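Enquirer: Below: one structure in structure tokens.
The values are calculated or read from the model by the stated rules, or taken from the named source; none is laboratory data. Because the structure is predicted, anything quoted here is derived from the model rather than measured. Note that we place each Cβ from the backbone using ideal geometry, even for glycine, and neighbour counts take in every protein chain shown.
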């Protein structure tokens, strides 16, 4: 169970280990995608675009502190890049890896290197941080048809989710989807750029239990 406590602000977070941590305000697109996936699976109906405002600033701050703390832990993993982002009005975490969990052209199998990185990530996401949702989004380069790329990107995300389950992450915390070539991070005009775009990204967001705990803690603090 994730304990929500009133903590001092983490302030500007720096790289604390071999990984890197970056504070950023991600666009609304990612939040909308994650919210739709979670709600579709019946796990996060309370976590919508208006949830942050509905729960109030104190609750959002408590969730933010919990995410900041976990982001710093994840950044200590070898080869991780960790960003604290906005997901539907709450702080969330975006995790990518040194090799981006990259894939060969038209392939969706998870490499042994990627498995090692995912195993370490899974270990950090258990214990004191189980009241979170984990969303995996698969991506491709722009070679081939839209339909083919959507299919292979979804398979990539599915395979990563399957491995996270093997590492002990509960199935009801996991959702995934394929974005095809709609969200490139590099130019598809070069082989190097295409390789970077064949990737998955992992997002961590508060679930209903975490938001309820934060609301209760914030209310208790106000009543003191």
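Enquirer: Can you find a residue that is in contact with a strand residue (DSSP E or B) (Cβ under 8 Å, 6 or more places away or on another chain), closer than 18 Å to residue 201 by Cβ, buried (at least 20 other Cβ atoms within 10 Å of the Cβ) and without any contact (Cβ under 8 Å) to a residue 60 or more places away in the chain anywhere in region 85-93?
Expert: Yes, region 85-93 has at least one match.
Enquirer: Shifting gears a bit: Before we move on, is residue 60 outside any loop (DSSP other than H, G, I, E, B), in contact with a helix residue (DSSP H, G or I) (Cβ under 9 Å, 6 or more places away or on another chain) and either surrounded by 23 or more Cβ atoms within 10 Å (Cβ to Cβ) or at pLDDT below 90 (or both)?
Expert: yes
Enquirer: Run down 161, 200, 152 and say which single residue is touching a strand residue (DSSP E or B) at 6+ places or on another chain (Cβ under 9 Å) and modelled with pLDDT of 95 or more.
Expert: On inspection, the qualifying residue turns out to be 161.
Enquirer: Would you mind stating whether residue 172 is surrounded by fewer than 18 Cβ atoms within 10 Å (Cβ to Cβ), out of contact with any helix residue (DSSP H, G or I) (no Cβ under 8 Å at 6 or more places or on another chain) and outside any helix (DSSP H, G or I)?
Expert: no
Enquirer: Exactly one condition in (1) touching a strand residue (DSSP E or B) at 6+ places or on another chain (Cβ under 9 Å); (2) part of a helix (DSSP H, G or I) is false for residue 193; which is it?
Expert: (1)
Enquirer: Quick check on my filter: what residues within region 113-133 are touching a helix residue (DSSP H, G or I) at 6+ places or on another chain (Cβ under 6 Å), closer than 21 Å to residue 35 by Cα and surrounded by fewer than 24 Cβ atoms within 10 Å (Cβ to Cβ)?
Expert: Once the filter is applied, which keeps residues that are touching a helix residue (DSSP H, G or I) at 6+ places or on another chain (Cβ under 6 Å), closer than 21 Å to residue 35 by Cα and surrounded by fewer than 24 Cβ atoms within 10 Å (Cβ to Cβ), region 113-133 yields 129, 131.
Enquirer: Hey, among 150, 164, which residue is part of a helix (DSSP H, G or I), crowded, with 17+ Cβ neighbours inside 10 Å and free of Cβ contacts under 8 Å to residues at least 40 places away in the same chain?
Expert: After ruling out the rest, the residue left standing is 150.
Enquirer: Checking residue 78 against (1) more than 17 Å from residue 179 (Cα to Cα); (2) touching a helix residue (DSSP H, G or I) at 6+ places or on another chain (Cβ under 8 Å); (3) crowded, with 20+ Cβ neighbours inside 10 Å; (4) touching a residue at least 60 places away in the same chain (Cβ under 8 Å), which single condition isn't satisfied?
Expert: The failed condition is (3).
Enquirer: Out of curiosity, is residue 142 part of a loop (DSSP other than H, G, I, E, B), modelled with pLDDT under 90 and out of contact with any strand residue (DSSP E or B) (no Cβ under 8 Å at 6 or more places or on another chain)?
Expert: The answer is no for residue 142.
Residue by residue, here is whether (1) part of a loop (DSSP other than H, G, I, E, B); (2) at pLDDT 50 or above; (3) under 29 Å from residue 159 (Cα atoms) holds:
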position: 7; (1), (2), (3): yes, no, no
position: 35; (1), (2), (3): no, yes, yes
position: 45; (1), (2), (3): yes, no, yes
position: 77; (1), (2), (3): yes, yes, yes
position: 104; (1), (2), (3): yes, yes, yes
